[in-house]
Amino acid sequence: MKSKIALCYDFDGTLCSGYMQNQKLIPDCNIDVGKFWSEVTEYSRENKIDPTLSYMLLLENRMYEAGLEISTGTFLNYGKQLKLFNGVNEWFKRITLYGLENKVDIEHYIISSGLTDMIKGCSFNKEINKIYACEYIYKNNRGYWPKLSVNYSNKVQYLYRIHKGAFEVSDQDGVNQKKYFGDYIHVPFENMVFFGDGETDVPTFNVLNKNNGKSICVYENENIKSIDIANKLNKIPFTFITNRIKDNDIKSNNVTNILGDWNRGYLSDEEVKTYYEKARLVILPINNTLVSSGQSAGLQAASVGTPLITSRTMGFWDYERYQDRKNIILLKNNTLELWAENIESLYYDLEKLKELSKESLLLINANYKLANFDKELEKYLFF
């Protein structure tokens, strides 16, 4: 009997650059991409709604306001226009044939917070065994109700569905049925591979890693890198604290590269604090994600009065208290030109640096001190 391998893929950032909706759909709704995702973040926070459901609701509303028909056909058409990474359209058929040549059945599954009907519009769709992604129920040219909502944490459910062969989302008994030795298993976990691009895929990575499966993290070469910024601004000194950049990756003479990792303890807390205190400013270019990336580094910088420049992302930790250009610098996209321009202008503007430093310290002292945390914790511990 042939062996069977299931290859599972995230979509956004894995098969295409960024979010699929950003390429053409959101611009056709007559709204700036960054503004749309900021509205999603704000709406989710104000109404305590899962961000994936919020984006589905606000996207549907924006499409309606822009006069776009909300239907399977519309999303399929946008899917046909998606620009994918080089080689993606050919990959699925090529790897399936490679498997057959080696007496292995290869199955392909997409597990994504993107839109199912846009994915179905891609030319490789016929090679995919099953798509688990966000869908609407359509009624009177509107998205009447979410048919399926896939967020970064419930992606794990679909690994179990593939593993057990309980493919339909309505099959609650099958996915929850305990399997014993000798019971039918569609694909063993050790024969599963998940391709993802970052923090939103960590829960799926963890499940497979714990069950002897494999995880592959895809990195987009065109993503902005701190190296690129340092190369462009070669008159400004940079200190990198990371385990991802090697000395031989650095081409300019204005960079000090320090080995650092939050989980490995390469640097003591005092050493890290000293680096923050000596810095004129801290930069955190972050890919747009629902995960609250960079929060620790951002708050640590602010706690010693070092100004922060970071990306405006969906998962930014506190849009309510942080105000752009008052106590932080938030950049709407990750183009090299935008980052270089803002870093260079701020680096030499001592008055603005002083103002940002003062306001960030006020913010930390008013909202993030340990005493405040203790008071909030008491509300839940004592009745």
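The values are calculated or read from the model by the stated rules, or taken from the named source; none is laboratory data. From a predicted model like this one, the values you see are computed outputs, not experimental measurements. Heads up, the Cβs are rebuilt from the backbone with ideal geometry, glycines too, and the neighbour counts pull from every protein chain shown.
Before moving on, here are some points about what is shown:
The rows are residues; the columns are (1) modelled with pLDDT of 90 or more; (2) of a type in the set (Ser, Thr, Tyr).
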{"residue": "Ser303", "(1), (2)": "yes, yes"}
{"residue": "Arg312", "(1), (2)": "no, no"}
{"residue": "Arg321", "(1), (2)": "no, no"}
{"residue": "Lys332", "(1), (2)": "no, no"}
{"residue": "Glu341", "(1), (2)": "yes, no"}
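- Only one entry of Ser3, Ser71, Ser38 meets the criterion of being among the hydroxyl-bearing types (Ser, Thr, Tyr) and under 19 Å from Tyr136 (Cα atoms), and that entry is Ser71.
- Residues that are in contact with a strand residue (DSSP E or B) (Cβ under 6 Å, 6 or more places away or on another chain) and buried (at least 17 other Cβ atoms within 10 Å of the Cβ) within the stretch 47-71 comprise Thr52, Met56, Glu60, Ile70, listed in sequence order.
- The residues on offer are Tyr160, Tyr132, Tyr180, Tyr144, and the sole one that is within 23 Å of Gly315 (Cβ to Cβ) and of a type in the set (Ser, Thr, Tyr) is Tyr132.
- Flag for Glu42 being more than 17 Å from Met118 (Cα to Cα) and either in contact (Cβ under 8 Å) with a residue 40 or more places away in the chain or polar (S, T, N, Q) (or both): yes
- Any hit, the stretch 125-146, residues being over 25 Å from Leu208 (Cβ atoms), within 23 Å of the chain's Cα centre (by Cα) and in the same structural domain as Tyr43 (by TED's automatic domain parsing): yes
Condition check ((1) part of a helix (DSSP H, G or I); (2) among the charged types (D, E, K, R); (3) on the phi > 0 side of the Ramachandran plot) across all residues:
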position	(1), (2), (3)
Gln157	yes, no, no
Arg161	yes, yes, no
Ala166	no, no, no
Asp173	yes, yes, no
Lys179	no, yes, no
His186	no, no, no
Val193	no, no, no
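- Some residue of the stretch 354-377 being within 20 Å of Pro307 (Cβ to Cβ), surrounded by 15 or more Cβ atoms within 10 Å (Cβ to Cβ), modelled with pLDDT under 80 and assigned by TED's automatic domain parsing to the domain that holds Phe316: no
- Across the stretch 356-378, the number of residues qualifying as out of contact with any strand residue (DSSP E or B) (no Cβ under 8 Å at 6 or more places or on another chain) and either touching a residue at least 12 places away in the same chain (Cβ under 8 Å) or part of a loop (DSSP other than H, G, I, E, B) (or both) comes to 10.
- Residues being surrounded by 13 or more Cβ atoms within 10 Å (Cβ to Cβ) and either at positive phi or at pLDDT 80 or above (or both) - total across the stretch 217-241: 17
- Residue in the stretch 39-61 that is within 17 Å of Tyr144 (Cβ to Cβ) and over 21 Å from the mean Cα position of the chain (by Cα) present: yes
- The condition (being at pLDDT below 95, farther than 24 Å from Phe92 by Cα and of a type in the set (A, V, I, L, M)) is satisfied by just one residue among Ile185, Ile245: Ile245.
- Of everything in the stretch 252-274 that is part of a strand (DSSP E or B), in contact with a strand residue (DSSP E or B) (Cβ under 7 Å, 6 or more places away or on another chain) and not polar (S, T, N, Q), the residue that is farthest from Ile241 (Cα to Cα) is Val255.
- Here Thr200, Thr204 are screened, and the one residue that is hydroxyl-bearing (Ser, Thr, Tyr) and modelled with pLDDT under 85 is Thr200.
- Within the stretch 140-166, tally of residues that are touching a His at 6+ places or on another chain (Cβ under 7 Å) and aromatic (Phe, Trp, Tyr): 0
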